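Single-structure report; data block below.
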Amino acid sequence: MEEQVFFEHNGVKVTNARFVVDAQTFAMSNVTSVNPVTEPPSRFALILGLIIGVLIAFASPVFGIILAAICALFLYLQKTKYHVMLRTAGGETKALSTDEREYFNQVVGALNQAIVHRG
């Protein structure tokens, strides 16, 4: 049977026979399921820092505004992480992590197609 490519982009390749991530290769025959995991960023400390910065701004405007601005900037820059977890007979492995949702969805879709194609 000829190897069929379902997805190939940025060092990631999904075929009916293998899943390649950078230099690591997973045999699709060993993969029993794909588990997409979404990990939202922890924002508690930055929100607390933003609130404290606003409160400090009443007593010391320069320091408070700088603290609040830095916390707001880091809140803005935080991104949700997406992980592709592969389940095999040997356990579960984090095969790929990215902060690009569409890319993540394409990889997960291609992996599911490869599993279905395998039969």
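The values are calculated or read from the model by the stated rules, or taken from the named source; none is laboratory data. Being a predicted model, the structure only gives us computed values, none of them experimental. Methodologically, a virtual Cβ is constructed for each residue, glycine included, from the backbone with ideal geometry; neighbour enumeration extends over all protein chains shown. The protein model used for the area step is the full one, side chains on, heavy atoms only, and it has no ligands, DNA or RNA in it. Shrake-Rupley method; radii C 1.70, N 1.55, O 1.52, S 1.80 Å.
At-a-glance table
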| quantity | calculated |
| --- | --- |
| Accessible area per residue in Å² at 1.4 Å probe, computed on the chain | 64 |
| Under 14 Å, Cβ to Cβ, from Val37 - net charge with Lys/Arg +1 and Asp/Glu -1 | +1 |
| ³J(HN,Hα), Karplus 6.51/-1.76/1.60, whole Hz, each residue of the range 12-27, x for Gly, Pro | 10, 9, 10, 10, 5, 9, 8, 10, 10, 10, 6, 9, 9, 10, 10, 6 |
| 5 Å-binned pair-distance histogram of the chain (Cα, whole percent) | 2, 11, 17, 16, 11, 7, 7, 7, 7, 6, 5, 3, 1, 0, 0 |
| Accessible area of the range 2-85 belonging to carbon and sulfur atoms, whole % at 1.4 Å probe | 66 |
| Charged-residue dipole, Cβ positions (Lys, Arg, Asp, Glu), the chain about Cα centre, Debye nearest 20 | 260 |
| Listed peptides 36-44, 76-84 by packing density, highest first (mean Cβ within 10 Å) | 76-84, 36-44 |
